[in-house]
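Structure first, then comments.
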Amino acid sequence: MTAAETKLAQDTELDRVQEWRAEELERAGYPLREAAELAERHDVDLHLAIDLISQGCPVPVAVEILL
């Protein structure tokens, strides 16, 4: 595999992970924009983000806590 192919594979994998994270966040109750923003941030704990919403935390407050 060439360096360019390796880079493309890594980018594609990263894109798939971010898409999956965004889908999970949307499923938990985050609006599309907030889900996408949180999904891009690898320092945001996905389980904590989902738990906050499932425990009744309003989305704006959850986003403020997470970011």
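The values are calculated or read from the model by the stated rules, or taken from the named source; none is laboratory data. No experiment lies behind these values; they were computed from the predicted model shown. The area values use the complete protein model at the heavy-atom level, side chains included, leaving out ligands, DNA and RNA. Shrake-Rupley method; radii C 1.70, N 1.55, O 1.52, S 1.80 Å.
So in segment 16-56, with the set limited to residues that are in a helix (DSSP H, G or I) and polar (S, T, N, Q), which one is most open to solvent (accessible area, probe 1.4 Å)? Give the steps one after another, and end with the answer.
Going through segment 16-56, the residues in a helix (DSSP H, G or I) turn out to be 16-28, 32-40, 46-54.
Still in the running and polar (S, T, N, Q): 18, 54.
Details: Gln18: 43, Ser54: 89 Å².
So, considering only residues that are in a helix (DSSP H, G or I) and polar (S, T, N, Q), the one most open to solvent (accessible area, probe 1.4 Å) is Ser54.
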Of (1) open to solvent by less than 70 Å² (accessible area, probe 1.4 Å); (2) within 10 Å of the chain's Cα centre (by Cα), Val59 satisfies all except one. Which?
-> (2)
